Amino acid sequence: MAKSGYLECNGIDPRTGDEATYRIELSRVDDIKRRHPGNKFWDLYSVQELVASFSSAYLGLRTVNEDFGDPTHFVKEPDKDGICITGIPSKRRVSDKFVPPPRGFTFAVFCDTRLVVFNWAWIESDPAEHNLPIGWQLRFDKRIWPKTKL
């Protein structure tokens, strides 16, 4: 059942590997549409794709984005329980058309423990592993996806 006041996206919980519902507050979507009507709004299509099929996921968000020259601070304050999933979507929506994702960038979706998404952005890719964000070891406390077998 849809939760009132949220845009819902079906996906995978990186902590368990189970099906899960990600939510984005409609007030956040409206704010993005009003204040950032360009790519930030259209990147919601990439959010929907990524939550269902991501390459990596991390637990524990750090506020080091300024060290990498990112134009915005994706994480306002450290959050040891915050989650970030990353990957390269198959396409990117720009206005009324779909285009290839930008070369050299990985898409990141930031959410809380309830899988409520609070931010998303394209981050420069790690030169050694193109589907990971540059500096992922410093940005996050722990990599939790892909799951490793012991």
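The values are calculated or read from the model by the stated rules, or taken from the named source; none is laboratory data. Just so you know, these numbers come straight off a predicted model, no measurement behind them. All Cβ positions, glycine included, derive from the backbone under ideal geometry; neighbour counts span all protein chains shown.
Results for (1) buried (at least 20 other Cβ atoms within 10 Å of the Cβ); (2) charged (D, E, K, R); (3) closer than 23 Å to G17 by Cβ; (4) touching a residue at least 24 places away in the same chain (Cβ under 8 Å), shown as yes or no for each residue.
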{"position": "F105", "(1), (2), (3), (4)": "no, no, no, no"}
{"position": "D112", "(1), (2), (3), (4)": "no, yes, yes, yes"}
{"position": "E129", "(1), (2), (3), (4)": "no, yes, yes, no"}
{"position": "G135", "(1), (2), (3), (4)": "no, no, no, yes"}
{"position": "R139", "(1), (2), (3), (4)": "yes, yes, yes, yes"}
{"position": "I144", "(1), (2), (3), (4)": "no, no, yes, yes"}
{"position": "K147", "(1), (2), (3), (4)": "no, yes, yes, yes"}
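Given the residues S95, S90, S125, which is the only one that is within 27 Å of G5 (Cα to Cα), in contact (Cβ under 8 Å) with a residue 12 or more places away in the chain and among the small types (G, A, S)? Walk me through how you get there before you give the answer.
Numbers: S90 fails: within 27 Å of G5 (Cα to Cα); S125 fails: within 27 Å of G5 (Cα to Cα).
Sole residue among the options that is within 27 Å of G5 (Cα to Cα), in contact (Cβ under 8 Å) with a residue 12 or more places away in the chain and among the small types (G, A, S): S95.
Looking at A20, A2, A57 in this structure, which one is at pLDDT 95 or above and surrounded by fewer than 19 Cβ atoms within 10 Å (Cβ to Cβ)?
On the way: A2 fails: at pLDDT 95 or above; A57 fails: surrounded by fewer than 19 Cβ atoms within 10 Å (Cβ to Cβ).
From the options A20, A2, A57, the qualifying one is A20.
Restricting to the stretch 1-50, name every residue that is farther than 22 Å from R92 by Cα, outside any strand (DSSP E or B) and not hydrophobic (A, V, I, L, M, F, W, C).
Scanning the stretch 1-50 gives K3, S4, G5, D13, P14, R15, T16, G17, D18, S27.
Residues are listed down the side, and each one gets a yes or a no for (1) crowded, with 21+ Cβ neighbours inside 10 Å; (2) modelled with pLDDT of 95 or more; (3) under 12 Å from the mean Cα position of the chain (by Cα); (4) of a type in the set (F, W, Y):
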{"position": "E77", "(1), (2), (3), (4)": "no, no, no, no"}
{"position": "D81", "(1), (2), (3), (4)": "no, no, no, no"}
{"position": "I85", "(1), (2), (3), (4)": "yes, yes, yes, no"}
{"position": "R93", "(1), (2), (3), (4)": "no, no, no, no"}
{"position": "P101", "(1), (2), (3), (4)": "no, yes, no, no"}
{"position": "F118", "(1), (2), (3), (4)": "no, no, yes, yes"}
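Need the failing condition index for G69 against (1) touching a strand residue (DSSP E or B) at 6+ places or on another chain (Cβ under 7 Å); (2) over 25 Å from E8 (Cβ atoms); (3) modelled with pLDDT under 90, just the number.
Every listed condition holds for G69 apart from (1).
Just one of the numbered conditions (1) at pLDDT 95 or above; (2) farther than 25 Å from G104 by Cβ is not true of V29; which one?
(1)
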